[in-house]
Amino acid sequence: MSLRSLIVVAILVLAGCATPPRAPQAPIAVAVSVATWQQVDRDLLSASQQATEQVKLFARGSMEHWRTRVYQQTEENFIPWFSSYWTQEWLSMKVSWYTINAGGEQDASAKRLAAYLLEQYQERVLAPVAVEIDPDAILGQATAFYAQLMARQMPLIAQRHGVPIGQLNGHLQRVPAIALGPPPARDASLYQVISTEPLNTLPAYAALIDKIHTEGGAKGIAATDAGMAPVAKRASQRMEAEMAPRGAASAVAAAAGKLAGGLISVGVAGIRAIIQANDRPDSEALIRSSLGGTFDKAWLKLVQNPTTGVMAGTLHIAGQVERHLGGGDEPSVGVRVNPVEWRPPQSTNQQIEPNVQGE
């Protein structure tokens with residue numbers, strides 16, 4: 001190659017290096033007909049309805065798992081603790097103290113004993129189960145599951161109708177999903193809901209969960225105080241009835257001298273142990289029927305209530321989306337369940353492992 005040719009090649013190379021890079025071309029908007037957008041909206045409506053049904057199955061299965069674990073913990077931890085001799089002795093001391101400080105209030109010892117038993121129930125049953133699963137977690141998982149299912153459908157809908165994904169996203173920004181404002185931060189579009197990861201970083205979603213908690217109060221757990229009241233009342237009445245003989249026995253033991261008095265006290269304690277052992281089956285049956293019935297009512301409310309239950313987040317979003325797309329009224333929970341009798345679990349090894357990702 002001649003020197004002149006080399007000079008020409010070098011000049012061309014330098015010129016290419018000096019040429020500024022081309023700016024990326026903006027995607028060309030595709031003309032989408034009104035009829036096509038109507039078809040897109042129908043597909044969005046159908047996707048929302050199908051996603052809601054899948055979320056209902058997930059929420060129901062998760063709530064069944066939670067209920068089973070509460071039953072197991074009650075049977076394995078709370079009932080044996082409550083029925084044990086030393087717990088009954090400790091409760092008798094507390095009832096004595098409550099009675100002395102009642103100040104003439106009716107059923108004061110039963111009310112205070114119920115409050116104490118509720119604290120123990122929270123510590124021994126509800127708190128350990130909540131480490132694994134609880135209604136608050138199911139509420140958040142169900143709502144996030146709906147958002148994930150809807151997000152998976154968007155590329156399919158765009159491809160099906162030949163709509164660029166960017167234009168579909170713009171369309172989704174005009175579909176309301178959370179409507180709690182003002183201020184505007186309490187509102188969110190369907191696009192924001194399906195594109196925010198994780199969902200709980202979206203201010204409107206946080207406002208929605210807070211609203212559900214405010215309207216629902218405690219997640220059905222406080223309702224167990226109604227179930228604990230009969231248990232505490234029966235226990236306090238029995239313990240108060242034992243106080244008079246116990247006091248008389250103590251006086252006789254004191255008068256009989258140290259050695260004989262000790263034997264009398266041991267004998268009285270043995271009699272109390274026999275009485276408590278005989279009363280144990282009835283006490284345990286009362287705990288199961290009273291706590292179980294009240295708990296099942298609270299559980300049903302969490303499953304079925306569309307504004308405060310575990311489906312409340314999903315139903316708010318689906319309702320907004322479907323009303324905007326012409327789907328009519330907000331979807332109902334659509335889960336029919338019946339209360340079940342609280343029975344000792346047959347096995348502690350069977351567990352449901354809910355999968356928020358779904359299929």
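A short reminder: the numbers here are calculations on the coordinates, not readings from a lab. Since this is a predicted model, take the numbers as computed values, not measurements. Reconstructed Cβ throughout: ideal geometry from the backbone, glycine too, with neighbour counts over all protein chains shown.
Annotations for the structure displayed:
- In sequence order, calculated HN-Hα J values of region 33-49 (Karplus, 6.51, -1.76, 1.60; Hz; x Gly/Pro): 6, 4, 4, 5, 5, 5, 5, 4, 5, 5, 5, 5, 4, 5, 4, 5, 5
- Among T52, T214, T36, sorting on how many other beta-carbon atoms sit within 10 Å of each Cβ, with the fewest leading, yields T214, T36, T52.
- Under Karplus coefficients 6.51, -1.76 and 1.60, residue-wise ³J(HN,Hα) of region 125-134 in Hz, glycine/proline x: 10, 5, 5, x, 5, 5, 5, 8, 6, 7
- Least to most buried among K211, K301, K56 (fewest other Cβ within 10 Å first): K301, K211, K56
- Linear extension gain, A115 paired with K301, 0.36 nm per residue minus alpha-carbon span: 64.7 nm
- In this rough spin-label picture, where each label sits 7 Å from Cα along the Cβ direction, the A35-S84 distance is 7.7 nm.
- Each residue of region 191-201 was assigned a 3J(HN,Hα) from its phi angle through the Karplus expression (A = 6.51, B = -1.76, C = 1.60, θ = phi - 60°), giving 4, 5, 5, 7, 9, 8, 10, x, 5, 6, 8 Hz with x at Gly and Pro.
- Region 139-222 - convex hull of alpha carbons, volume per residue in Å³: 93
- Working from label points 7 Å from Cα in the Cα-to-Cβ sense, the E64 to S46 distance is 2.9 nm.
- Gained length - R323 relative to A151, 0.36 nm times residue gap less alpha-carbon distance: 60.0 nm
- Sequence of M311, M154 once ranked by neighbouring C-beta atoms within 10 Å, starting from the fewest: M154, M311
- Under-5 Å amide H pairs with D187, H placed in peptide plane, nonlocal only: L180, G181
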